[in-house]
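Comments concern the structure below.
The values are calculated or read from the model by the stated rules, or taken from the named source; none is laboratory data. Given the structure is predicted, the values throughout are model-derived calculations rather than measurements. Cβ sites come from the backbone with ideal geometry, for glycine too, and all protein chains shown count toward neighbours. Accessible surface is based on the protein model in full, side chains and every heavy atom, while ligands, DNA and RNA are left aside. Shrake-Rupley method; radii C 1.70, N 1.55, O 1.52, S 1.80 Å.
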Amino acid sequence: MEDRNQQEHDLARFLHALEDCIYVMDWDGEHFRYRYVNRAAAELSGIGSEHMGQTFFEVFGHEPEMGRYLHHKYMKVIDERRSIRFADGTLLPSGALSGESILSPIFGPREEIEAVVCMTRDMAAGPERARNPHHYAYHDELTQLFNRRFLYEFTNKPFSLFLIDLDNFKNINDALGHETGDTLLIEVAERFRQSFGAPYVIARQGADEFIIACDKPTPYPEEKAKLILEALDRPFLLNDRMIRVSASVGISSSPERTDLSTLLRQADIALYYAKSRGRSRYHLYNEAFRYDQVVKFDYEIALNQCIEREELLLHYQPIFNASRSKVVEVEALLRWNLGHAGLVSPADFIPVAEETGLIVPIGEWVIRQVCRDFPKISEKFGPDVRIAVNISRAQFEEEHFVERLNAIIAEEGLTPAQFDLEVTETLVMRNLEEICATLKRLREQGYMISLDDFGTGYSSLGILAQIPIDKFKIDRSFIVQMNPAVISALLVMARAMDLDVVAEGVEDRDQLLRLVDMGCPSIQGYLICRPMGIEDLPDVGFPDLQSHVV
């Protein structure tokens, strides 16, 4: 017993000597009660032996806001049953700011939490912070509004939230300077103060974003959004200039109290949608609504595992040469079967894959799968058939793209001569000199190079002559319009430059016959064959069209 008492005495002495603050709070299932504070904690917080056994609410009866804050802070440990780290800057009754703190649960014999231990490191505050630490901790320095931290620590679960973003604020900063921009933010904050009192809490989110949260049910939140926009209707006088400013508002509202993080996420989604509709707009978040940015994020997450889950597949569309009456090429088209969502449109997921760089491993999967499908394709359409594969910007800009492409094809037992690499005008024009050098290198190795969707980009006919390609594909929009003069001119130019031509998007017999009459060499489109799995591709010949081909 004496040994145990000595150990406890030594432990108390050791804790007393620490410069870090130690707080031990007993948990009775409803309240936290002070059990122990070491010397550093007592000096920093002003809490002494007379406070032992008291709750936060009893100790901070003179400052109930802080009592609520500490109770909620410690409750996070009870709810999550794990240690939680908190950043520095929390105000204490002594007028100091606490430093970084770590709260850890103490479990009893039946795995119930008996106490919570907090270790806090004191923060040396500067003179300005020391004079008014509460204001520094919870207010925006520029506008003197509350900051985001205050919202998270004291608003808890509001009923509604308005996320406000000033339209084209960057243009004001760029044209008039950052000082003028700061003045505008201060004036905007004052307008909001005048328009919204209790129960609304106004905060600056950062940059040109503001938050207005309401602690009571808001039956008509869109009417409040109109008031926000109306507050900005009058022009602002800035440096002897009258400046008009508008804003976009994202609204999140619930009949019940909702976590701030949930409301902020929903309001952010709503704000993004409002801004996409133009200036001075508002939008109320609706769970049943399909928001593009949410879908895009979901696709990004799912695309990370699409190869491992074997969700990717290839459809093929033949390219028919009219004069030779045969299929000369088959274009590989990527498809994504997202399980419960079914087939996702390439127009929806390929831009996401390109933006995130996931198109690089996906593109390599396409090349390898095409190689493995080639024996079945050549069996249907002959040994001279080529496979057309689209190459994205992200793939093309990979440092060792050519070497990696050659390695995959060699591993699968094919040669460059069996491939037609399709690139877009946008890709080529991005860095003309460097891209052309790579295209020339690929052609020298035996690859055919095609310019896809010709006519939709920004390349001129003069630049077209500089690009090392073997053919171009006339975009579907030209075929739909069917202007014989334009198409004939393109075909004449192609013959003069010794380029092959494919007309894309041919969907009816009249288009086919007119293109053949104009001398268009190759045809691709639904009239010939829709994209389909390799097992479903029709056999060579297309007898139902042969009678129409001259």
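Does I202 fit the bill of being open to solvent by less than 80 Å² (accessible area, probe 1.4 Å), β-branched (V, I, T) and in contact with a Leu (Cβ under 6 Å, 6 or more places away or on another chain)?
It is true that I202 is open to solvent by less than 80 Å² (accessible area, probe 1.4 Å), β-branched (V, I, T) and in contact with a Leu (Cβ under 6 Å, 6 or more places away or on another chain).
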Inset, instruction - State all residues of segment 200-213 that are over 20 Å from N171 (Cβ atoms) and free of Cβ contacts under 8 Å to residues at least 60 places away in the same chain; if no residue qualifies, say none. - result: Y200, V201, I202, I212
Inset, instruction - May I ask you to list the residues in segment 139-155 that are surrounded by 16 or more Cβ atoms within 10 Å (Cβ to Cβ) and in a loop (DSSP other than H, G, I, E, B)? - result: D140, T143, L145
Legend entry - Among (1) out of contact with any Leu (no Cβ under 8 Å at 6 or more places or on another chain); (2) within 17 Å of A274 (Cβ to Cβ), the one test that A175 misses: (2)
Inset, instruction - Check off (1) within 25 Å of E179 (Cα to Cα); (2) surrounded by fewer than 21 Cβ atoms within 10 Å (Cβ to Cβ); (3) in contact (Cβ under 8 Å) with a residue 24 or more places away in the chain for K216 and give me the number that stays unchecked. - result: (1)
Inset, instruction - For segment 30-86, please list each of the helices (runs of 4 or more DSSP H) lying entirely inside it that holds at least 3 residues being farther than 25 Å from E19 by Cβ and without any contact (Cβ under 8 Å) to a residue 12 or more places away in the chain. - result: 64-80
Inset, instruction - Select, from P538, P531, P521, the only residue that is more than 26 Å from F401 (Cβ to Cβ) and at pLDDT 90 or above. - result: P521
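Looking at segment 318-337, which of the residues that are open to solvent by less than 20 Å² (accessible area, probe 1.4 Å) and not β-branched (V, I, T) is farthest from V389 (Cα to Cα)?
Among them, the one singled out is A322.
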Legend entry - All positions within segment 248-285 that are among the polar types (S, T, N, Q) and either within 30 Å of L358 (Cα to Cα) or at pLDDT 90 or above (or both): S248, S252, S253, S261, T262, Q266, S276, S280
Inset, instruction - Taking the residues in segment 166-217 that are hydroxyl-bearing (S, T, Y) and farther than 23 Å from N239 by Cα as candidates, determine which candidate is modelled with the lowest pLDDT. - result: Y200
Legend entry - Leading residue by the ranking (nearest to A12 (Cα to Cα)) among those in segment 46-56 that are open to solvent by 40 Å² or more (accessible area, probe 1.4 Å) and modelled with pLDDT under 90: S49
Legend entry - Of all residues in segment 364-422 being open to solvent by 60 Å² or more (accessible area, probe 1.4 Å) and either among the basic types (K, R) or under 11 Å from V330 (Cβ atoms) (or both), the one that is modelled with the lowest pLDDT: R393
Inset, instruction - Could you tell me which of the residues Q445, Q466 is surrounded by fewer than 16 Cβ atoms within 10 Å (Cβ to Cβ), under 39 Å from the mean Cα position of the chain (by Cα) and modelled with pLDDT of 90 or more? - result: Q445
Legend entry - Failed condition for H283, given (1) part of a strand (DSSP E or B); (2) open to solvent by 20 Å² or more (accessible area, probe 1.4 Å); (3) touching a Pro at 6+ places or on another chain (Cβ under 9 Å); (4) not basic (K, R): (3)
Inset, instruction - With respect to G197, determine if the residue is surrounded by fewer than 19 Cβ atoms within 10 Å (Cβ to Cβ), free of Cβ contacts under 8 Å to residues at least 12 places away in the same chain and under 23 Å from R68 (Cα atoms). - result: yes
Legend entry - Check on L314, open to solvent by 20 Å² or more (accessible area, probe 1.4 Å), in a strand (DSSP E or B) and touching a residue at least 24 places away in the same chain (Cβ under 8 Å): no
Inset, instruction - Could you check how many residues of segment 292-311 are hydrophobic (A, V, I, L, M, F, W, C) and farther than 30 Å from Y272 by Cα? - result: 1
Legend entry - Members of segment 219-230 that are aliphatic (A, V, I, L, M) and surrounded by fewer than 20 Cβ atoms within 10 Å (Cβ to Cβ): L227, L229
